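Read through the structure below, which is laid out as structure tokens, and then see the notes.
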Amino acid sequence: MKKAYVLLRNITSNFTAQFLLLVISFFTTPYIFHKFGAVQYAILVILNTIIGYFSVFDFGLSSALIKYLAQFKAANKKLGSLLGTAFFIYFFLTILSGGVIFITSRFFIEKVFQIPLSLTDTALLALKLTALNFIFSSLGNFFSLIPQSLQRFEIYNLKNILLGIIIPLGTIILLIFNQGLISIVCLCLIVNALIAIIFYFLFRKLLPVDAFNFTFSIAMAKKLLMFGWFKFISNITSRIVFQLNNFLIAVFMPINLVSFYSIPASLTQKAIDLLPNLTLPIFPLTSELSALASKEKLVRLYQHSIKSANLLMMPLFLFLFFFSQPFLAVWIDQQFSQQTYLILKILSLAYLINSFSAIPAVIAEGLGKPKIPAFFSTISAFLYLSLALLFIPKWHIFGAAISILINAVLVVPIFVYVVSFRLLPLKPLSFFFNLYFKPFILSLVSILPFLLLSSFIISFWQFGFIFIIYLIFYFILCFIFKIIDKTELQILKNFINFSSAT
């Protein structure tokens, strides 16, 4: 099977799963928010954010394992030392992080976050259970790295689908029966434990028997951690930029404001979360091409990936920007929309600009240059933190959103320039004109006729219909103005024929 088919199969699998999860999230979020109330919803957001933060303390081991497993498979090397070393380190770090969450739970609940006294005991127990939930979640993540490394993303997406369906629907069922925060955290714990068990057996099935002759190697540990260290820096600094706002708002402001920030932020986050559907398959493929010294294929992969990402992100974020107020009014309610639509506008621009860095980052890491994205991520984190500490106490949730936008404008263009023209031999003028300027202008032109309809939209289904028509119109213009070229059309046509034949 050609690599183009494998890549397209994986991307298709990712987007299918992502679409299903987005639909579920859109329909469950308003009910959970209204049923829970702003304060308890904010506590739930904080608990999920804590899991996200501590998940980066694998010191980049996840990315290192994906990279080297892909390379070892391509070179037919034995896997026992690699898998054994990675598992022992990952398991130790997981237990350590879970213990830290448990031990520090009282400090954060009572001293850091502004949680109402009546909910302190509930929040404390929920955070302690979250420590155990984190351990099961991390083990499931480790076992799901194997299908990623083998470019079997239809198997990897099973985990995301199970989490994305069972937890939100289970939460709604629990809320219908008047269950509270503790029951929902227990549900998450049970689901993550089951997923860890399922993926352990899939992990055993996907690899040959001799791969499980686990041995611990100091040399392999150094190799994994040397690459992983720079990925760890990139991960933790990215978490600072994109998720620290929830913590800072909870520290400086009443915790209910976290809800009014986190919902528009989660909307833009879900939009940019579409990008890993492209970057996750590209990373092991880049690692493989790097091992085979296929420079010309890497350049083509980079250009097509940049174009695909921009064709996806630009119309989506511009739609959120221009339709922010009516969309939030239909999705949550009119009062919520009046308080938060400016947040959504600012974050839409910020996340659009940040999306430009996703493909350059994964290509640099796949080429064995994790220092480059790590360096820029560190600069970005320090800049954002300075802006956030200045703006959040002054402008509250608006300050949080503005901090992300200013940070993106100042850092992302320089990073894209360095990867595109220092690491790869590309021409700046044609690169920016064909891959950024033309898609942006066409997405802007495409949306203008639909703005006249914004005041007439009164249901979510109308929004969905307008968005689909807008996307169709946009991609027709892309074909007319040849942004999507003949090569890409032929690859897509061959893939459709291949998929239907199999």
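Could you grab me the full set of residues in segment 207-232 that are modelled with pLDDT under 80 and either within 30 Å of Y384 (Cα to Cα) or surrounded by 15 or more Cβ atoms within 10 Å (Cβ to Cβ) (or both)?
L207, A211, F214, F227, G228, W229, F230, K231, F232
Applying the condition of being of a type in the set (S, T, N, Q) and crowded, with 23+ Cβ neighbours inside 10 Å to segment 359-407 and asking which residue is farthest from Q338 (Cα to Cα) yields S377. Is there a residue in segment 438-458 that is out of contact with any Phe, Trp or Tyr (no Cβ under 8 Å at 6 or more places or on another chain) and under 28 Å from S377 (Cα atoms)? There is at least one residue in segment 438-458 that is out of contact with any Phe, Trp or Tyr (no Cβ under 8 Å at 6 or more places or on another chain) and under 28 Å from S377 (Cα atoms).
Which of the residues that make up segment 112-124 are over 11 Å from I255 (Cβ atoms), surrounded by 13 or more Cβ atoms within 10 Å (Cβ to Cβ) and over 28 Å from the mean Cα position of the chain (by Cα)?
Across segment 112-124, the qualifying residues are T120, T122.
For L410, the conditions (1) surrounded by 13 or more Cβ atoms within 10 Å (Cβ to Cβ); (2) closer than 30 Å to K223 by Cβ; (3) not charged (D, E, K, R) all hold with the exception of (2). Taking the numbered list (1) surrounded by fewer than 16 Cβ atoms within 10 Å (Cβ to Cβ); (2) in contact with a Phe, Trp or Tyr (Cβ under 9 Å, 6 or more places away or on another chain); (3) modelled with pLDDT under 80 in turn, L280 passes all entries but (1). The residues in segment 312-359 that are β-branched (V, I, T), touching a Leu at 6+ places or on another chain (Cβ under 9 Å) and modelled with pLDDT under 90 can be counted, and the count is 1. Residue-level check: of (1) of a type outside the set (F, W, Y); (2) at pLDDT below 70; (3) surrounded by fewer than 20 Cβ atoms within 10 Å (Cβ to Cβ), S287 misses just (3).
Quick check, is Y436 touching a residue at least 60 places away in the same chain (Cβ under 8 Å) and within 18 Å of L349 (Cβ to Cβ)? Spelling it out, Y436 is indeed touching a residue at least 60 places away in the same chain (Cβ under 8 Å) and within 18 Å of L349 (Cβ to Cβ).
Per-residue answers, yes or no, for (1) aromatic (F, W, Y); (2) in contact with a Phe, Trp or Tyr (Cβ under 6 Å, 6 or more places away or on another chain); (3) surrounded by 22 or more Cβ atoms within 10 Å (Cβ to Cβ); (4) at pLDDT 85 or above:
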| position | (1), (2), (3), (4) |
| --- | --- |
| I46 | no, no, yes, no |
| L96 | no, no, no, yes |
| E110 | no, no, no, no |
| T130 | no, no, yes, yes |
| I146 | no, yes, yes, no |
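Taking segment 88-120 as the range and being among the hydroxyl-bearing types (S, T, Y) and more than 19 Å from A219 (Cβ to Cβ) as the test, the residues that pass are T94, S97, T104, S105, S118, T120.
For (1) at pLDDT 90 or above; (2) more than 26 Å from Q303 (Cα to Cα), each residue gets a yes or a no:
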{"position": "P373", "(1), (2)": "no, no"}
{"position": "A381", "(1), (2)": "no, yes"}
{"position": "A388", "(1), (2)": "yes, yes"}
{"position": "K394", "(1), (2)": "no, yes"}
{"position": "I397", "(1), (2)": "no, yes"}
{"position": "I404", "(1), (2)": "yes, yes"}
{"position": "L410", "(1), (2)": "yes, no"}
{"position": "F421", "(1), (2)": "no, no"}
{"position": "N434", "(1), (2)": "no, no"}
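Restricting segment 331-352 to residues that are closer than 23 Å to I240 by Cβ and in contact with a Pro (Cβ under 8 Å, 6 or more places away or on another chain) leaves a set whose member that is surrounded by the fewest Cβ atoms within 10 Å (Cβ to Cβ) is L344. Anything in segment 352-410 that is at negative phi and not in a helix (DSSP H, G or I)? List them, or say none. Within segment 352-410, F356, S357, L367, K369, P370 meet the criteria. Set side by side, the residues P168, P147 differ, and just one is without any contact (Cβ under 8 Å) to a residue 60 or more places away in the chain and not in a loop (DSSP other than H, G, I, E, B), which is P147. Put simply, of K427, K493 the only residue that is at pLDDT below 80, charged (D, E, K, R) and within 30 Å of K371 (Cα to Cα) is K427. Going by what's in this entry, would I166 be described as modelled with pLDDT of 80 or more and under 16 Å from A196 (Cα atoms)? Answer is yes for this residue.
Residue by residue, here is whether (1) under 18 Å from F19 (Cα atoms); (2) in a loop (DSSP other than H, G, I, E, B); (3) in contact (Cβ under 8 Å) with a residue 60 or more places away in the chain holds:
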residue	(1), (2), (3)
V445	no, no, no
L448	no, no, no
I458	no, yes, yes
G464	yes, no, no
I468	yes, no, no
I472	yes, no, no
I476	no, no, no
F479	no, no, no
I483	no, yes, yes
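Please go through segment 373-421 and give me each residue that is over 21 Å from A42 (Cα atoms), without any contact (Cβ under 8 Å) to a residue 40 or more places away in the chain and of a type in the set (G, A, S), ordered by number. The one that is over 21 Å from A42 (Cα atoms), without any contact (Cβ under 8 Å) to a residue 40 or more places away in the chain and of a type in the set (G, A, S): S386. Within segment 50-62, residues that are touching a residue at least 60 places away in the same chain (Cβ under 8 Å) and closer than 21 Å to I146 by Cβ have Cβ atoms under 8 Å from residues that are in a loop (DSSP other than H, G, I, E, B) and not aromatic (F, W, Y) in these pairs: G60/P370, counting only partners at least 6 apart in sequence or on another chain.
Residues in segment 66-87 that are modelled with pLDDT of 80 or more and farther than 14 Å from A219 by Cα: F87 alone.
Residues that are of a type in the set (A, V, I, L, M) and under 15 Å from Y41 (Cβ atoms) were ranked within segment 166-181; the one that is surrounded by the most Cβ atoms within 10 Å (Cβ to Cβ) is L181.
The values are calculated or read from the model by the stated rules, or taken from the named source; none is laboratory data. Since we're looking at a predicted model, the values are computed, not measured. FYI the Cβ positions are ideal-geometry reconstructions off the backbone, even for glycines, and counts take in every protein chain you see.
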